[in-house]
1. For n ≥ 4 DSSP H runs only, could you compute -39500 (n - 2.57) per run for the chain, divide by its residues and tell me the 222 nm figure to the nearest 500?
2. Counting other C-beta atoms within 10 Å, and keeping those with at most 13, which DSSP coil trypsin sites (Lys or Arg not before Pro) do you find in segment 237-308?
3. Using a 1.4 Å probe on the protein heavy atoms, what percent of the accessible area of the chain belongs to carbon and sulfur?
4. Over the chain, with a single point scatterer placed on each C-alpha, what log10 of the ratio I(q)/I(0) does the Debye formula yield at q = 0.07, 0.08, 0.10 1/Å?
5. Among the GluC sites (Glu not before Pro) in segment 106-181, which ones are in a DSSP loop with at most 12 other Cβ atoms within 10 Å of the Cβ? Mind listing them?
6. Please report the relative contact order for segment 246-372, taking Cα pairs under 8 Å with a sequence separation of at least 6, and give it as a percent rounded to a whole number.
7. Counting other Cβ atoms within 10 Å, which trypsin sites (Lys or Arg not before Pro) in segment 37-97 have at most 12 and lie in a DSSP loop?
8. Treating the beta-carbon of each Lys and Arg as +1 and of each Asp and Glu as -1, no other charges, what is the dipole magnitude of the chain about its Cα centre, to the nearest 20 debye?
Amino acid sequence: MSYHVLYESCGWHTRCALFNEQGRLLSLRYDDVSRTLIEGAVLWGRVRRLAPSLGAAFVDIGDVQDGVLPLQTLPHGHKLHEGQGVLVRIARAGFGEKGAKLDGRVVLKQEHVPSQCPSLVVPAPNALKRALRDAGSTPVKCWLPHGLYRDMVAQVVRENQIFQLDKDPAAPDLLAALDDELARILAPVPTFPFPHGDVRVELTSAVATIDVNLRPLEAPKAEATLAANLMAADEVARLVRLLDLGGSVIVDFITPKSKAHRDLVDDHLHAALSTTDEHFEHLRPMSRHGLSEITRSRTGPSLMLLLKNPAFVAGAIGLTLWRTPAGAQPGLLRQVVQAHPQVVAILQPHLADDVCLRHLGRRVALQPASSVQPLAEWRVLG
């Protein structure tokens, strides 16, 4: 058994997709030049305000919102005062109106506070390292669309683990699998099929909800319901981790026909979450109507929100363009990208003629589309 990592990069934006042996997407990890304050980064911040009643300090880390530092994570006897520099690690990236969650347990020598504070000390592990960590002890094959970034990947992965999709006719179709999953995630109501039905995910400011739906089956209803719920539990565990759903996640299973069946589904879901998701915290017993509540800590904004961020829409366009590098399609001399004006503004410095001709062998023209269309919609023509 081995997992597969699909590595794509366009220089300023990198994506690593981890698939299991059945081709199911387990995690997506990103690097983007606009987003460096993510889980694992270590930096010097400056204490903006102490909040003893909360047992925390608000720390300026150079983000839109101040980070929250629980005082209990500081070394024993360490005291803070406003304006002081403090060395912290980001435990959860900020998102929306929530600042990052910080941790004062940093295993680094605390030297003098730099003159420029806040300042990054140790960047977070890159996307490829995080994807490999997601794979755990399972062997991994790392796939590249072509050889453009092979040397970069070889700095992290052994040469005998690196494969190219354009060189292996028997390679799994990971690009199509990833595109299909991204289309589901970005749909108005993300819907993910499994053999007995589908699950639908909705995100609100307070909770995430997952609705399990059953397709008609020939088996007796009680047995069909149990079989579907057990299979849906695996899909729920996958999606909670993949989409980085956090806080309270309410799962509406198909109503089991007995307490024994409820317990079986509970046990199965708990086992799936416990063995695959380090951020899983608690599962409340299923109600008689089939409702379960998962408590999970986030690592940042949900993937459903992150992918709609203008920088990540621009990154997706860049990755699509870089799938066809210079020389791969000799007759292709020019392409047109139609996207939201905010996305076009981000792309302009990255898609200058000299850059495109050097890496892509063609020019790319940017066309701002109507600002009323959904920001995440875009097209590449040519």
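1. Numbers: 9 runs with 96 residues, N = 382.
Using -39500 (n - 2.57) per qualifying helix, the result is -7500 deg cm²/dmol.
2. On the way: sites: Arg238, Arg241, Lys257, Lys259, Arg262, Arg288, Arg296, Arg298, Lys308; in loops: Lys257, Arg288, Arg298, Lys308.
The qualifying sites are Arg288.
3. Working: 9920 of 18840 Å².
Its accessible area is 53 percent carbon and sulfur atoms.
4. -0.38, -0.49, -0.77
5. Details: sites: Glu111, Glu159, Glu181; in loops: Glu111.
Passing both the DSSP loop test and the Cβ count: Glu111.
6. Numbers: 149 pairs, mean separation 28.3, N = 127.
Once normalised by length, the contact order is 22 percent.
7. On the way: sites: Arg46, Arg48, Arg49, Lys79, Arg89, Arg92; in loops: Lys79.
Loop-located and lightly packed - Lys79.
8. Values: 41 positive and 40 negative charges, 112 e Å.
Here the size comes out at about 540 debye.
The values are calculated or read from the model by the stated rules, or taken from the named source; none is laboratory data. From a predicted model like this one, the values you see are computed outputs, not experimental measurements. FYI the Cβ positions are ideal-geometry reconstructions off the backbone, even for glycines, and counts take in every protein chain you see. Ligands, DNA and RNA are stripped out before the accessible areas are found, and what is left, the full protein with its side chains, is counted by its heavy atoms. Shrake-Rupley method; radii C 1.70, N 1.55, O 1.52, S 1.80 Å.
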